[in-house]
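The values are calculated or read from the model by the stated rules, or taken from the named source; none is laboratory data. Every value quoted in this text rests on a predicted model; they were computed, and no experiment measured them. Note that we place each Cβ from the backbone using ideal geometry, even for glycine, and neighbour counts take in every protein chain shown.
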Amino acid sequence: MTTPSTLPDANSQTSGNAANYGHVVSGELDVSHGQILYLEDITVSFDGFRSLNKLQLSITDGELRCIIGPNGAGKTTMMDVITGKTRPDSGTVFFGQTIDLSRMTEPEIAAAGIGRKFQKPTVFEAMSVYDNLELAMKADKTVWASLIARLSGEQRDRIAATLARIRLTSEAHRPAGLLSHGQKQWLEIGMLLMQEPRLLLLDEPVAGMTDSETEATAELFLELARNHTLVVVEHDMGFVESIADKVTVLHEGSVLAEGSLASVQANERVIEVYLGR
């Protein structure tokens, strides 16, 4: 990735613009340059194994990007770095132009507007679908606030709108544990939406889904892309083809190829290391 020429060097300590980039922990999300996420020269090693190797990645605000690659390519580690679960050995990671994710905790990163869905859905199975969404709502979660909390009309409307969006209106009062696998995936996405993220990271969201659930999930993601930026890690090439604005192929912790799905599928190196002949 080449950092936009209008963007100051993130590593410069002497640049006159250094105060505007590379030294701000948090603040208002600034996407004035069009990019919402920057990973620059990210390296992560575990016991001598380099999971990410000077990874360069830039995501445009409002984009629906798919990340593909063989097992061990560094896809999960990349998401761990973005969300603060793993600290890079070197490199910089920014949310917009001013929010330095490498200096923030996981809760701070979530509060800044980055939501992550893991491969296995995590919902409160004994609670209803509605109650799961209410619990996930971005609000004051102190003990006292929780004790006296009453949903406003606006909050009830938000939950109803989210239920409709994730195709679970008819299941609103059903225990989450009784949902199908695909419906649990949708519920977890709904729980993320209640937190009002700008960027959604989604790890193999259609793994284990039926064909009809996969098709509905593609429709859902295209709807979400109108108001959110989505980064989707996925192995299902049919699903990727149905949703992706752009595809990035990772291999051995670096970007191997990037572009339309058709272009990366025709790339000889991608065919060799991932797609096969």
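Going by the conditions given, is Arg103 over 19 Å from the mean Cα position of the chain (by Cα), over 23 Å from Ala225 (Cβ atoms), at pLDDT below 95 and basic (Lys, Arg)? Here the answer is no, as Arg103 does not meet what is asked. Looking across the stretch 101-120, the residues that are of a type in the set (A, V, I, L, M, F, W, C) and part of a helix (DSSP H, G or I) come down to Leu101, Ile109, Ala110, Ala111, Ala112. Any chance the stretch 50-70 includes a residue that's free of Cβ contacts under 8 Å to residues at least 12 places away in the same chain and more than 15 Å from the chain's Cα centre (by Cα)? The answer is no; no qualifying residue exists. Of all residues in the stretch 233-246, those satisfying the criterion of being touching a Lys or Arg at 6+ places or on another chain (Cβ under 7 Å) and not in a loop (DSSP other than H, G, I, E, B) are Val233, Lys246. When residues in the stretch 66-88 are screened for being in contact with a strand residue (DSSP E or B) (Cβ under 9 Å, 6 or more places away or on another chain), part of a loop (DSSP other than H, G, I, E, B) and among the polar types (S, T, N, Q), 2 of them pass. Scan the stretch 89-96 and give yes if some residue there is crowded, with 23+ Cβ neighbours inside 10 Å and either without any contact (Cβ under 8 Å) to a residue 60 or more places away in the chain or assigned to a helix (DSSP H, G or I) (or both), otherwise no. Checked against the condition, which is being crowded, with 23+ Cβ neighbours inside 10 Å and either without any contact (Cβ under 8 Å) to a residue 60 or more places away in the chain or assigned to a helix (DSSP H, G or I) (or both), the stretch 89-96 yields at least one hit. I'd like to check something: does the stretch 134-153 contain any residue that is of a type outside the set (A, V, I, L, M, F, W, C), modelled with pLDDT of 95 or more, over 28 Å from Ile243 (Cβ atoms) and surrounded by fewer than 21 Cβ atoms within 10 Å (Cβ to Cβ)? No, the stretch 134-153 contains no residue that is of a type outside the set (A, V, I, L, M, F, W, C), modelled with pLDDT of 95 or more, over 28 Å from Ile243 (Cβ atoms) and surrounded by fewer than 21 Cβ atoms within 10 Å (Cβ to Cβ).
Condition (residue is at pLDDT below 90 and either of a type in the set (A, V, I, L, M) or assigned to a loop (DSSP other than H, G, I, E, B) (or both)) applied to the stretch 251-269: is it met by at least one residue? No, every residue in the stretch 251-269 fails to be at pLDDT below 90 and either of a type in the set (A, V, I, L, M) or assigned to a loop (DSSP other than H, G, I, E, B) (or both).
Restricted to the stretch 106-133, and to residues there that are aliphatic (A, V, I, L, M), surrounded by fewer than 19 Cβ atoms within 10 Å (Cβ to Cβ) and closer than 22 Å to Thr83 by Cα, the residue that is nearest to the chain's Cα centre (by Cα) is Ala110. Close Cβ contacts (under 7 Å, 6 or more residues apart or on different chains) running from residues in the stretch 195-211 that are without any contact (Cβ under 8 Å) to a residue 60 or more places away in the chain to residues that are assigned to a loop (DSSP other than H, G, I, E, B) and crowded, with 20+ Cβ neighbours inside 10 Å comprise Val206/Glu234.
Can we say Glu213 is in a helix (DSSP H, G or I), within 22 Å of Leu133 (Cβ to Cβ) and over 18 Å from the mean Cα position of the chain (by Cα)? When the stated conditions are applied, Glu213 passes them.
Consider Asp236 carefully, then state whether it is among the acidic types (Asp, Glu), in contact with a Leu (Cβ under 7 Å, 6 or more places away or on another chain) and closer than 19 Å to Lys75 by Cβ. Spelling it out, it is not the case that Asp236 is among the acidic types (Asp, Glu), in contact with a Leu (Cβ under 7 Å, 6 or more places away or on another chain) and closer than 19 Å to Lys75 by Cβ.
When the stretch 239-264 is filtered for residues that are within 21 Å of Val206 (Cα to Cα), touching a residue at least 24 places away in the same chain (Cβ under 8 Å) and not β-branched (Val, Ile, Thr), the ones remaining, listed by number, are Phe239, Ser242, Ala244, Asp245, Lys246, Leu250, Leu261.
Among the residues that make up the stretch 218-231, is at least one of them in contact (Cβ under 8 Å) with a residue 40 or more places away in the chain, farther than 30 Å from Ser90 by Cβ and small (Gly, Ala, Ser)? Yes, because at least one residue in the stretch 218-231 is in contact (Cβ under 8 Å) with a residue 40 or more places away in the chain, farther than 30 Å from Ser90 by Cβ and small (Gly, Ala, Ser).
For the stretch 39-71, a residue qualifies if it is closer than 12 Å to Glu258 by Cα and β-branched (Val, Ile, Thr), and the qualifying residues are Ile59, Ile67, Ile68.
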